Each structure stands twice: as C-alpha cells, then as structure tokens.
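What follows is a set of notes on a single structure, which appears directly below.
Each reported figure results from applying straightforward, stated rules to the coordinates on display, with no laboratory input. Note that the structure is predicted; figures quoted are calculated from it, not measured. When we count neighbours, we look across all protein chains shown, and the Cβ atoms used for this are built from the backbone with ideal geometry, even at glycine.
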Amino acid sequence: MAALRVYIVMRVMLMIPMVLILLTIVFFTLRILPGDPVRAMYGAKIPPEVAEELLTEWGLNKPWHVQYIDYLSGLLRGDFGISYRTKRPVLVEIFTYFPATLELSIFSMIIAIVFGIPLGVYAAHKRGEPSDCLCRILAISIYAMPIFWLGLMLQLMVIILDIPIPTGSRISPLKEPTHITGLYVLDSLLTGNVDSLVDALSHLFLPSITLGLVLSGVITRMTRSNMLDTLRTDYVTAARARGIAEWRVLIKYAFRNAILPVVTMTGLLFALLLAGAVLTENTFNWPGLGTYLVTCIANRDYPAIQGVITFYALIVGFVSLIVDIVNALLDPRIKY
Amino acid sequence: MKVKSERPMKQFKGAILQSISRLDFLSSIKGRAEWYMMVIGMSILVLFLGIAVFAPYISPHDPNAMVDKPFLPPNSKHIMGTNQLGQDVFSRFVWGSRTSLLIAGLSTIIAFVIGVPLGLLSGFVGGKLDRVLSMIMDAIYAFPGLILAIAVATMLGPGILNVAVSLAVVYAPTYFRVIRNQTLSVREQLYVEAAKALGADKMTIMSYYIFPNVIPSVVVISSLCIADAILTAAGLSFIGVGISPEIPDWGYDVSNGQRFLTYRAWWIITFPGLGILFTVIGFSLLGESLDEILNPKLRER
C-alpha cells in the first residue's frame, strides 16, 4: 500500500508539467496566434482607439511574457478573469453551468456503457458471422453520425410523432429542486421531490440518448477488439476445454480481463465526451458549459472564452490523473 | 564516403512505388469482409468526390440564389426542397460536398506536413528533443479535439483555410505519434545500421531509409483522421465558428435548419446531415478495412 501511495504522489507531481503544458497551449492559442485577440474578435475595422482601450482593459498590451505570468498567477489565485458581458467572475459563471454538463455526461456515459459493452461482447462472440458484421457496421455508422444532427433527428421524430418528451432546456419552469449540488436529478432525490425528478429525467432523456449513442459506438469497438484479444489467450482455451459453458467463459473469464484496457481508454473517451457535450448541449439548448462557451463566442466575450477553455484544460489534466490512479488500483501489475 | 544517389528524386520515387506495391496482397483478401468494407467505402468516396468535382454541372441552381418560394418540401422541381431563403437544398448539398472535402483534404495535408517530419525527427534523434516534442504533442492529443479547434478557429476567424488550420492543429499530434513510434522500431532495423555503417548522413537515412518504411501506416491514420476531421469541421460550422455563410456547407445548413424543426421542415436539415454521415462512413470503412489488412496482428484472426 505504501508503494501505491508513492505512485499516487509521483503521478500528482507528474501532472504539474502536463497541466502547465496544457495551459501554455491555451495561452498561446488565445493570445499569440492571430496577432491580437481584439481584432480577431471584432474584425480589422474596429477603430484603433477602441481596440487600444480593450487591449488595456483585458491586459493584452503588456509584453507577452508578462501576460503569461499574469495568466498563470491569476489561475493560482483562482482568478479566471471577469466576463466582459456580465461583469461577473468567469469562475463563478463556470460553476453555475458546470453541474448541467456533469449531469448530462454521467447519464450519457451510463447509456453508452449499457449499450456499448454488451454489443461489443456479442460482436466478439459472433466474430466473422453476419451479426458481427452488422454490429460493426452499426458501430461505424453511429460513430459517423454528426452528434448535433442525430440530436436534431431525434427531436424531429419526437415532434412528428407528437411524443410528449421535452426537446430543450433542463427542467420546466418552477420545477427546479432546491439547490444542493446543482445536479437536478440528485437534488430532487435528496429532497424527495418526485415531481422535479420526473421532470428532470424527461428533460435528460433525449440529450443523454444522443450523446450516449455516439459514445457507445466507440465503446463497442474497443470492447470487441479487447475481447478478441483475450478470447485468443490460453487460459480461455483451457476454460473451454474444461467444458465450461460458453457464456460463462465470455463473462467470467474473458470479459474481466478485456475490460481493463477499456478503463485505460476512458481518458480518451472523456475527451470525446466533453467535445460531444458541447454539441449536444447546443442542440438541446442545455444550459451547460458548452452552451456557455458558444454564447461567449457569439458575444465576443474574450475573457470568458479564455476562462472556459482553461477550465477544460484543467479538467483534462485532472481526469488523466484519476484514470491513471484507478488503473493502478485495478491492475496490480502496473509498476509503481 | 557519402552514400547518396546521383539521382535522389528517382530513388525517392522508387521508394514510394515500393511501398505502394506492398498493397499487392489486396488481391488475396478478395471476398473477405474487409474487402467488402473497402469496396463500399471506396464507392461512397468516389461518388462524393465525383459530386464535388462536377458540382457546377450537377447542381441545377445557384446555391446562394433565391430560386423559388421558401419552405417547399421535396418535389419534382426541387428534389430536396427549398430552405427558408428559397434556396435549392439539392444545389447546396452538391456544393457542400466540395466545401467538406476541400477542408478535409487541406487539413490533412497541413497536419501531415507538421506531424510527419516532426515525428520522424523526434523518433530518430531521440533524447531531449523527443521528450519535449512528445510531451507537447501528448498534451494536445489529450485535449478534446473539437474544443481546441473551436479555440483556434475563434481566434483565426472564418474562412476555409482557417478552419483547415484549426483542424490540422488537432490532428497533427496523431500523425506525430504514429510516425514517431514507427520510426523508433524502424531505426533499429539492420538496413538502417548498414546505411549508417556506409557513412550515410542523417538526412539521407531519414528520407531514404526510414520515411518510405513508416509511410504505409500513415495511409490508415489519414483515412481515419479525415473521417474525424469532417465531423469536427461540421461541428465548428454548427456552432458558428466555421466558414463564412455565403459558402454552402453541410454543417452550417444543418445549424440553420434547426430553427425550423417545429415547422416540420425536415428536408432542410436531413439532407446535409446525410451528406456528412455518408462521407464519414466512407472514410471510416476505408480506414478500418485498410487497418485490418495492413495490421499483421489482426490478419491472423
């Protein structure tokens, strides 16, 4: 156990350069790339005096190394800048939108796992047969679907068939549960508010199916190829030779080892989830971080855009840390 | 003594031809599932490429002109109907294929030009350079592609080239990683050592001995990356940081049509979406089948 603790400390230390690189990439992308952000936002026709004023206001006319230090030291103090549009701290804004994204992500992930893993196991089991081919074509087609288009098609279906499922927003007016965590499903469960719970779940239905389906395509492919690898190992052959029922071999023997690499891939899947959430949220008018980002872009709110992208960079660093630690816990072969 | 061909271009061409001739075994997989996947993928791509190339002859109307009443459902005059501005949806669909493939192709070329030489250099030289480059590329790779592309595209402003650049930033690390890892294994090969022993300089080894041997893996990667790039580009247009509205584009058209869902104007968003879907399926099928064919570990299965 001591070794594990050392590993975790080491891994946390290693996270520092990674986050620093991520933040540097964000910084250079948003500052240095086109020359100057103000003209990138408002076009070249902006009067020079106005441009100068905005540059001064956003601290962008200092030498770039000073800006870089300002940016990093600001982050250390938890200062993500002040939104130009709402005049509120960007971090406060982010935290009002983030629970919605988190809730959508959790439900989508559940749907993706529930659909994706059994389909992958089934495809591997039927390898080379027509049903395997069908599963793979399905996985490719789902992955090839533009996520926003899938969402709109589902909305269209609901509208044409007159199914009473909400196609936008997070909750009906006046049905919001008491704010505890910001996750409406959890909050309404905690307060025992059945009315809110049903309403929140019905709003979650279409967006999480959309995002979940797209992710399930990836999970199916990963599970299938990992299952194929484990099904070829000697211990599976041995189990089969002993006459153990095929489904038992699949689930009890092969699946357990096949699922480990899938956990490793969760980091990549998470990047896909975050990117997918941006599109899904905008399709369903879901008040999450992705919708906030697009609103900021539409309103040319430079400090807020920078804050949100920075926040995403921090999430990415944090998730890769968690994935590595979970892996070390799950797989005793990982050296630390 | 320096080993360098008197006609380097000829030797270079020879190396490329040699790596293409490795695709010989294509005939050996005829009739297998991968073969059908490849044939279907190729057919879809040829179809869309044809539409894109011959767009001016295929499209019946100017994609940006008001040609009829708005919101006409598909009919004999407009097989895909008209949109809210009375533009012919089919003409926009045809021209949209051009935009989509152009962006995908451009971004692939840029990502290739950035990723491949850096990957070769990093893998071959190793040491500190390799560590620093790998760390930067890994960080970009870990970042959600669409969000990074949004950031770059917002800063660069609208335009086909700008969108292509923002996609290239996202996909260059993929090329880098594949090429670097391949280089690491190829540089240990005997023929590389032989070239070194003969006194070939580093540039010669990299371009004549290593490059031709790592390039086949790029075929698979680029096919899968293009598929992804088309989706990301569509996402950028949907969000409104893509190309300017006067250029017909599938992603933009879907985004435009979503306001009219409640009027049940399904044709405005369905057709451009199908365009994206099928092009991406085409590239994915091609990439997947090539992957299974070129990857010997999978071939055993």
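What FRET efficiency comes out for the pair A:F28/A:K62, r = Cβ-Cβ distance, R0 = 25 Å, nearest 0.05?
Values: r = 15 Å, r/R0 = 0.62.
Efficiency, rounded to the nearest 0.05: 0.95.
Tell me the volume per residue, in Å³, of the convex hull enclosing the alpha carbons of the protein assembly as shown.
218 Å³
Over the alpha-carbon set of chain B, work out the extent along each principal axis and list the three values in angstrom, largest first.
76, 47, 39
Which residue fluctuates the most in chain B, going by a Gaussian network model with Cα springs under 10 Å, if the choices are B:Y175, B:Y252, B:Y57?
Evaluated over chain B, the most mobile residue of the options is B:Y57.
Say each of A:R248 and A:V6 gets a label point 7 Å from the Cα, pointing the same way as Cα to Cβ; how far apart are those two points in nm?
Calculated label separation equals 4.2 nm.
Rounded to the nearest 10 degrees, what's the angle between the helix B:160-186 long axis and the longest principal axis of chain B, both from Cα atoms, 0 to 90?
Computed tilt is about 30 degrees.
From Cα pairs below 8 angstrom and at least 6 apart in sequence, can you work out the relative contact order of chain B, rounded to a whole percent?
The normalised contact order for chain B reaches 26 percent.
Which distance in nm do the two modelled labels at A:I113 and B:V132 give, with both placed 7 Å along the Cα-to-Cβ direction?
Computed distance between label sites A:I113 and B:V132 equals 4.2 nm.
Tell me the Kirkwood hydrodynamic radius of chain A in angstroms, computed as one over the mean inverse distance between distinct C-alpha pairs.
It works out to 22.9 Å.
Over the stretch A:263-336, calculate the relative contact order: mean separation of alpha carbon pairs under 8 Å at least 6 apart, over the residue count, as a percent.
33 percent.
If you rank B:L148, A:L156 by fewest surrounding Cβ atoms within 10 Å, what's the result?
On the way: B:L148 25, A:L156 19.
Ordered from fewest to most neighbouring Cβ atoms within 10 Å, B:L148, A:L156 come out as A:L156, B:L148.
Which of B:A149, B:A55, B:A200 moves the most in a Gaussian network model of chain B with Cα springs under 10 Å?
Of the options given, B:A200 has the highest mean-square fluctuation.
By how many nm would the segment from B:K196 to B:V53 grow when fully extended, if each residue of separation counts as 0.36 nm and the alpha-carbon distance is taken off?
Result for the pair: 46.8 nm of gain on full extension.
Work out from phi, with θ = phi - 60° and the Karplus expression 6.51 cos²θ - 1.76 cosθ + 1.60, the ³J(HN,Hα) of each residue of the stretch A:52-58, listed in order in whole Hz, and give x for Gly and Pro.
Using θ = phi - 60°, the values come out as 4, 4, 5, 4, 5, 4, 8 Hz.
Report the label-to-label distance for B:M203 and A:L189 in nanometres (one decimal), using points 7 Å from each Cα along the Cα→Cβ vector.
Each label point lies 7 Å from its Cα, and together they span 6.5 nm.
B:L274 to B:S244: extension gain in nm, 0.36 nm per residue of separation minus the Cα-Cα distance?
Value of the extension gain: 8.7 nm.
If I fit a long axis through the Cα atoms of helix A:194-231 and take the longest principal axis of the Cα atoms of chain A, what angle between them do I get, 0 to 90°, rounded to 10?
The helix A:194-231 is inclined about 60 degrees to chain A.
Taking springs between alpha-carbon atoms closer than 10 angstrom, which of A:D199, A:D36, A:D132 fluctuates most in the Gaussian network model of chain A?
A:D36
Work out the FRET efficiency for B:D68 and A:I137 from their Cβ-Cβ distance, taking R0 = 45 Å, and round it to the nearest 0.05.
0.75
Which residues' amide hydrogens lie under 5 Å from the amide hydrogen of B:T82, considering only partners 5 or more residues apart or on another chain, with H built in the peptide plane?
B:F71, B:L72, B:V89
Quick query: amide H of A:L60 versus all other amide H atoms, modeled in the peptide plane; which residues come in under 5 Å with a sequence gap of 5 or more or a different chain?
Amide H neighbours of A:L60: none.
For the stretch B:126-255, what is the Kirkwood estimate of the hydrodynamic radius, computed as the reciprocal of the mean inverse distance between distinct Cα atoms, to one decimal in Å?
With all distinct Cα pairs of the stretch B:126-255 included, I get 16.7 Å.
Determine the alpha carbon to alpha carbon distance for each of A:K62/A:K87; A:K45/B:K69; A:K45/A:K87 and list only those over 32 Å.
Violating the 32 Å limit, Cα to Cα: A:K45/B:K69.
Percent of Cα-Cα pairs per 5 Å bin, from 0 to the last occupied bin, for the stretch A:133-174, please list those.
All Cα pairs, binned at 5 Å, distribute as 5, 19, 17, 18, 16, 13, 7, 3, 1, 0 percent.
Please find the FRET efficiency linking A:R77 to A:L201, where r is the Cβ-Cβ separation and R0 is fixed at 35 Å, and quote it to the nearest 0.05.
E(calc), rounded to 0.05, equals 0.35.
I need the phi-derived Karplus couplings for the stretch B:109-120: 6.51 cos²θ - 1.76 cosθ + 1.60, θ = phi - 60°, integer Hz, Gly and Pro marked x.
4, 5, 4, 4, 5, 7, x, 5, x, 5, x, 4
Is it possible to state the helix-based mean residue ellipticity at 222 nm for chain B, with each DSSP H run of 4+ residues giving -39500 (n - 2.57), the sum divided by total residues, to the nearest 500 deg cm²/dmol? What is it?
On the way: 12 runs with 209 residues, N = 301.
Here the helix-only value at 222 nm equals -23500 deg cm²/dmol.
5 Å is the cut-off here: which amide hydrogens, built 1.01 Å from N in the peptide plane, fall below it relative to A:I82, excluding neighbours closer than 5 in sequence?
HN-HN under 5 Å from A:I82: A:V90.
Relative contact order of chain A, please, whole-number percent, based on alpha carbon pairs below 8 angstrom and at least 6 residues apart.
The normalised contact order for chain A reaches 28 percent.
Can you put A:T266, B:T183 in order of Cβ neighbours within 10 angstrom, beginning with the fewest?
If I rank by nearby Cβ atoms, fewest first, I get A:T266, B:T183.
Just counting partner chain Cβ atoms within 10 Å, what average do the residues of peptide B:230-239 show around their Cβ?
Across B:230-239, the average partner-chain Cβ count within 10 Å equals 5.
Averaged across the residues of A:137-145, what count of C-beta atoms belonging to other chains lies within 10 Å of each residue's C-beta?
Mean shielding by partner chains, rounded to a whole number: 5.
If you rank A:E281, B:E288, A:E176 by fewest surrounding Cβ atoms within 10 Å, what's the result?
A:E176, B:E288, A:E281
Across peptide A:151-160, what mean number of C-beta atoms from other chains lies inside 10 Å of a residue's C-beta?
On the way: counts 1, 10, 7, 0, 4, 8, 1, 1, 5, 3.
Per-residue shielding by partner chains comes out at 4.
By what distance, in whole Å, do the Cα atoms of the stretch A:44-183 stretch along each of the three principal axes, largest value first?
67, 43, 37
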